[in-house]
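Scroll down for the structure; my scribbles are underneath it.
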Amino acid sequence: METNSLNMLVTEAIWRAQELEARGIRSELAWMEVSSLEEKLAKLHPASEPEGQIARRGAVSAALEASDYLRAYALADGYGAEENAPESLKAAVREILEENAQAMTSGFQHAARRHSLREAQGLADRLRAAGALGLAA
């Protein structure tokens with residue numbers, strides 16, 4: 001798929017996700033669509049290009065919006081390991097992850113004292129994958 005088409009799809013997907021949230025509907029699937037489309041754009045553009053950097057940041061941010069922490073950290077690790085990734089991109093992706101972590105820990109201060117953020121995110125990922133009854137297994 002070409003860049004212009006993907007850019008249009010990303011814009012539409014972001015609009016849908018934001019519109020659902022504006023109506024009080026949390027749509028993790030909509031944000032996953034955004035992340036997936038941004039990842040496709042990132043594959044078309046090297047990390048050294050501005051459009052590639054924007055797509056990489058967008059893929060990580062949207063994965064966090066979708067509460068898919070495994071995906072967000074895997075994308076961040078992959079993008080940080082790219083040979084042509086500039087330090088500014090690596091720092092920007094780390095900042096996205098840190099801001100999300102700060103927001104989560106400030107909202108759950110008691111839990112943050114007892115458990116690491118990674119533990120909580122891992123539990124959230126397991127819950128999403130297995131459903132509520134899957135945690136008992």
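The values are calculated or read from the model by the stated rules, or taken from the named source; none is laboratory data. Bear in mind the structure is a predicted one, so any value in this text is a computation, not a measurement. Cβ coordinates were reconstructed from backbone atoms using ideal geometry, including for glycine residues, and neighbour counts include every protein chain displayed.
Has the stretch 35-42 got at least one residue that is surrounded by fewer than 20 Cβ atoms within 10 Å (Cβ to Cβ) and modelled with pLDDT of 95 or more? There is at least one residue in the stretch 35-42 that is surrounded by fewer than 20 Cβ atoms within 10 Å (Cβ to Cβ) and modelled with pLDDT of 95 or more. Only a single criterion out of (1) of a type in the set (D, E, K, R); (2) in contact (Cβ under 8 Å) with a residue 24 or more places away in the chain; (3) surrounded by fewer than 16 Cβ atoms within 10 Å (Cβ to Cβ) is not satisfied by Glu82, namely (3).
Annotation note: of Glu119, Glu87, the sole residue that is at pLDDT 90 or above and either in contact with a strand residue (DSSP E or B) (Cβ under 6 Å, 6 or more places away or on another chain) or of a type in the set (Asp, Glu) (or both) is Glu87. Any chance the stretch 21-28 includes a residue that's without any contact (Cβ under 8 Å) to a residue 24 or more places away in the chain, surrounded by 15 or more Cβ atoms within 10 Å (Cβ to Cβ) and under 17 Å from Tyr69 (Cα atoms)? Checking the stretch 21-28: at least one residue is without any contact (Cβ under 8 Å) to a residue 24 or more places away in the chain, surrounded by 15 or more Cβ atoms within 10 Å (Cβ to Cβ) and under 17 Å from Tyr69 (Cα atoms). The set of residues from the stretch 106-116 being closer than 15 Å to Ser67 by Cβ and either surrounded by 11 or more Cβ atoms within 10 Å (Cβ to Cβ) or modelled with pLDDT of 70 or more (or both) comprises just one member, Phe108.
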